[in-house]
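The values are calculated or read from the model by the stated rules, or taken from the named source; none is laboratory data. Just so it is clear, the structure is predicted and the values come from calculations on it, not from any experiment. Please note: Cβ atoms are built from the backbone with ideal geometry, for glycine as well, and neighbour counts cover all protein chains shown. The protein model used for the area step is the full one, side chains on, heavy atoms only, and it has no ligands, DNA or RNA in it. Shrake-Rupley method; radii C 1.70, N 1.55, O 1.52, S 1.80 Å.
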Amino acid sequence: MTAVPTHDELLALARAAAGTAYAPYSEFPVGAAVLGSDGTVHSGCNVENAAFGLTTCAERGAISAMVRAGTRQIDTVAIIGLRAAPCYPCGGCRQALAEFGCRTVVVEVDGVARAHALVDLLPHGFGPADLGEPLPRAEPRPGPDEGRPTRP
Ligand code: THU
């Protein structure tokens, strides 16, 4: 995809990600696709665990993939729950999305993309700027293992 993906295209990517969800306990597969401000797209799905509290949400999986790829600014996130439409992000994921400056949240309502401003879903949120320190927006550095030969 070279052009900026549409909301419908982001929802389609989120749906594909939901298809890979590991959700044997809730049977509630979720997929998310984040569009970085640099135009890159990263997706994630929920991954559950027999120790239920270790479950990770689809949005956070997508954020992890994005950060690993070197992007730290989210423009838009699209979220699909295969068993619920619309599937809005949980409170923790709203906070995680806000950390990376996400502006727009897209969900599907009656088969149609609906966009919300994240600030409407998380009003008066706490964020990096509230710490009163420079924002941690520096370019990611190579990890300690990058470029190192692998051990035999
Ligand atoms: N879930 C997400 O992946 N994202 C959300 O924003 C809401 C909830 C997942 C977590 C769990 O695996 C399942 O949905 C039921 O809560």
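Among residues of segment 14-36 being open to solvent by less than 60 Å² (accessible area, probe 1.4 Å) and part of a strand (DSSP E or B), the one that is farthest from THR76 (Cα to Cα) is VAL30.
For the condition more than 19 Å from LEU10 (Cβ to Cβ), in contact with an Asp or Glu (Cβ under 9 Å, 6 or more places away or on another chain) and aliphatic (A, V, I, L, M), ALA32 does not qualify.
Can you name every residue in segment 66-90 that is touching a residue at least 12 places away in the same chain (Cβ under 8 Å) and not hydrophobic (A, V, I, L, M, F, W, C)? Answer for segment 66-90, where residues must be touching a residue at least 12 places away in the same chain (Cβ under 8 Å) and not hydrophobic (A, V, I, L, M, F, W, C): GLY70, THR71, ARG72, GLN73, ASP75, THR76, GLY81, ARG83, PRO86, TYR88, PRO89.
Checking each residue of segment 52-61 against the condition of being within 16 Å of the ligand (Cβ to nearest atom), touching a residue at least 12 places away in the same chain (Cβ under 8 Å), aliphatic (A, V, I, L, M) and open to solvent by less than 40 Å² (accessible area, probe 1.4 Å) gives at least one match. Of the numbered criteria (1) open to solvent by 60 Å² or more (accessible area, probe 1.4 Å); (2) more than 20 Å from GLU108 (Cα to Cα), the one GLY39 fails is (1). A single member of GLY70, GLY101, GLY44, GLY91 is crowded, with 21+ Cβ neighbours inside 10 Å, among the small types (Gly, Ala, Ser) and at pLDDT 95 or above, and it is GLY44.
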